[in-house]
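**Student:** Right, I'll just put the structure down here and ask away after.
The values are calculated or read from the model by the stated rules, or taken from the named source; none is laboratory data. Given the structure is predicted, the values throughout are model-derived calculations rather than measurements. Quick reminder, even Gly has a Cβ in these numbers, built from the backbone with ideal geometry, and neighbours come from all protein chains shown. The accessibility values were calculated without ligands, DNA or RNA, using every heavy atom of the protein model including side chains. Shrake-Rupley method; radii C 1.70, N 1.55, O 1.52, S 1.80 Å.
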Amino acid sequence: MIDGTIRTAWSIDVGGLSRGELVERLDAHGIHRNPYAEILLAGPVFDDASRETVAIVEISVADLGFPDGATLPHVFAGAVERGLVLCPPMTAPYLRLATLDQATAPDRILSTGRAPTGSLHVAAPVLRADHDYPKGFYLRVIDGVPWLRGYRCDDEHVLSPGDRFAFRAAS
């Protein structure tokens, strides 16, 4: 269960579904998406339906060695220094499906220039250098409804020490 307080680990299957099958599965489980998530789901990485099993760990920015927060590039570099790697680009929707028991966020605030409370960002390669294009996905439950949301930020945005990320465990 993703509860925002401890490091959690999962082993999930990523891939294996066409884009249409994946969207149908998200819809069948009542997973809501924002427009940024829809943009990411329409991207070419979801054209590849190959399947692999991925070991995922949840960790905070502070636990990566950044007690005062850090930018996304620094968070990714700090994870690599600790033996973690970025998840495959298509991981987030599959992790969302695997973690429907995620705790409900303590508030409904969606955008304040910082990561929403109770969210889990899925660390994956940035697909475009364009700051107007979404950087990636995060998972959140609002009022009992699971969400797969895309987010944007630039490389100067400082993430808070308590922000949580899902990384792939190195094999």
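**Student:** Residue 93 versus (1) part of a helix (DSSP H, G or I); (2) more than 14 Å from the chain's Cα centre (by Cα): which is the lone unmet condition?
**Tutor:** With respect to (1) part of a helix (DSSP H, G or I); (2) more than 14 Å from the chain's Cα centre (by Cα), residue 93 is out only on (2).
**Student:** Could you list, in sequence order, all residues of the range 143-158 that are closer than 24 Å to residue 94 by Cα, in a strand (DSSP E or B) and not small (Gly, Ala, Ser)? First the steps, then the outcome.
**Tutor:** Filtering the range 143-158 down to residues closer than 24 Å to residue 94 by Cα leaves 143-153.
Cutting the leftovers down to in a strand (DSSP E or B) gives us 145-151.
Answer for the range 143-158, where residues must be closer than 24 Å to residue 94 by Cα, in a strand (DSSP E or B) and not small (Gly, Ala, Ser): 145, 146, 147, 148, 149, 151.
**Student:** Can you tell me which condition residue 49 does not meet? The list is (1) over 21 Å from residue 171 (Cβ atoms); (2) touching a residue at least 60 places away in the same chain (Cβ under 8 Å), and all the others hold.
**Tutor:** With respect to (1) over 21 Å from residue 171 (Cβ atoms); (2) touching a residue at least 60 places away in the same chain (Cβ under 8 Å), residue 49 is out only on (2).
**Student:** Looking only at residues that are surrounded by fewer than 19 Cβ atoms within 10 Å (Cβ to Cβ) and touching a Phe, Trp or Tyr at 6+ places or on another chain (Cβ under 9 Å) in the range 83-96, which one is farthest from residue 157 (Cα to Cα)?
**Tutor:** Step by step, filter the range 83-96, then rank; the result is 85.
**Student:** Moving to a separate point now. May I ask you to list the residues in the range 24-37 that are closer than 14 Å to residue 136 by Cβ and open to solvent by 10 Å² or more (accessible area, probe 1.4 Å)?
**Tutor:** To start, the set of residues in the range 24-37 that are closer than 14 Å to residue 136 by Cβ comprises 33-34, 36-37.
Result: 33, 34, 36.
**Student:** Let me ask another. Taking only the range 74-87 into account, find how many residues are under 15 Å from the mean Cα position of the chain (by Cα) and in a helix (DSSP H, G or I).
**Tutor:** Total satisfying the criteria: 3.
**Student:** A further question on this structure: Do you know which residues across the range 97-108 are part of a loop (DSSP other than H, G, I, E, B) and either in contact with a helix residue (DSSP H, G or I) (Cβ under 8 Å, 6 or more places away or on another chain) or open to solvent by 30 Å² or more (accessible area, probe 1.4 Å) (or both)?
**Tutor:** 100, 101, 103, 104, 106, 107, 108
**Student:** What single numbered condition from (1) farther than 18 Å from residue 36 by Cβ; (2) open to solvent by less than 50 Å² (accessible area, probe 1.4 Å); (3) of a type outside the set (D, E, K, R); (4) at pLDDT below 95 fails to hold for residue 170?
**Tutor:** All conditions are met except number (2).
**Student:** Moving on to the next point. Only one residue in 122, 145 is more than 15 Å from the chain's Cα centre (by Cα) and either closer than 23 Å to residue 31 by Cβ or modelled with pLDDT under 95 (or both), so which one is that?
**Tutor:** Among 122, 145, only 145 is more than 15 Å from the chain's Cα centre (by Cα) and either closer than 23 Å to residue 31 by Cβ or modelled with pLDDT under 95 (or both).
**Student:** OK, next. If we scan the range 50-70, do we find a residue that is exposed (fewer than 15 other Cβ atoms within 10 Å of the Cβ), closer than 13 Å to residue 93 by Cβ and not aromatic (Phe, Trp, Tyr)?
**Tutor:** No, there is no match, as no residue in the range 50-70 is exposed (fewer than 15 other Cβ atoms within 10 Å of the Cβ), closer than 13 Å to residue 93 by Cβ and not aromatic (Phe, Trp, Tyr).
**Student:** Sticking with this structure for a sec: Quick one: residue 43 ticks every box in (1) at pLDDT below 95; (2) loosely packed, with under 15 Cβ neighbours inside 10 Å except a single one, so which number is it?
**Tutor:** (2)
**Student:** Considering only the range 127-163, how many residues are of a type in the set (A, V, I, L, M) and farther than 17 Å from residue 96 by Cβ?
**Tutor:** Summing the residues that are of a type in the set (A, V, I, L, M) and farther than 17 Å from residue 96 by Cβ in the range 127-163 gives 4.
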